[in-house]
Amino acid sequence: MKKQQRLKYYLVDDSSEFIEAIKLYIEYELKGTIIGSSSDGKLAISDNRIFDADVIIMDIVMKYLDGFSTSTILTETNPQLKIIAVTNSQEYITKRQLLSSGFSGCICKNCAFEELPLAISRVFEGKYHFSSDLLIDN
């Protein structure tokens, strides 16, 4: 993980409440910098600032372009992007689906503040992180 400078984050989520909460958490607790945010995947892929992020935190279920499609498009352009999915969805999500879409990990929204530091650390070590609270199969 970058030690000398603050990590730059880009947030993609259709919940303005979650965006505000995670933004405050990242800025004050993790000492990170928010360089941008979008309320859906379609807006995110059209915002070039997203490619400057050290970490992208992205919802899976969004109205216009879901997280799977958005992550796929972004990582086709830049495979080095570190994208962590966040979800409240009780849908059955597979690791294969997450990995093939370019996600480096997935955490639950209800435990995001507890799990995000570990997820970020693991992603920067070149590993993957999947929340134990999610029903994820191979």
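Calculate what fraction, in whole %, of the accessible area of the chain sits on carbon and sulfur atoms when a 1.4 Å probe is rolled over the protein chains. Could you put the intermediate results ahead of the total?
Values: 3450 of 7280 Å².
Carbon plus sulfur share of accessible area: 47 percent.
Once the piece of chain linking Glu114 and Ser132 is laid out straight, how much longer is it, given 0.36 nm per residue of separation minus the C-alpha distance between them? Don't jump to the answer; show the numbers that get you there.
Working: separation 18, 0.36 × 18 = 6.48 nm, distance 1.21 nm.
Working it through step by step, the gained length comes to 5.3 nm.
Would you please put 20-31, 112-123, 43-54 in order of how densely packed they are, using the mean number of other Cβ atoms within 10 angstrom per residue and starting with the highest?
Top to bottom by mean Cβ count within 10 Å: 112-123, 43-54, 20-31.
Return one whole number: the accessible area per residue of the chain in Å², for a 1.4 Å probe.
That works out to 53 Å² per residue.
Would you mind counting up the charge near Met62? Only other residues with Cβ under 12 Å from its Cβ, with Lys and Arg at +1 and Asp and Glu at -1. Before the final figure, lay out the partial values.
Details: positive: Lys42, Lys63; negative: Asp13, Asp14, Asp40, Asp59, Asp66.
It works out to a net charge of -3.
The values are calculated or read from the model by the stated rules, or taken from the named source; none is laboratory data. Quick caveat: nothing in here was measured; it's all calculated off a predicted structure. All Cβ positions, glycine included, derive from the backbone under ideal geometry; neighbour counts span all protein chains shown. Accessible surface is based on the protein model in full, side chains and every heavy atom, while ligands, DNA and RNA are left aside. Shrake-Rupley method; radii C 1.70, N 1.55, O 1.52, S 1.80 Å.
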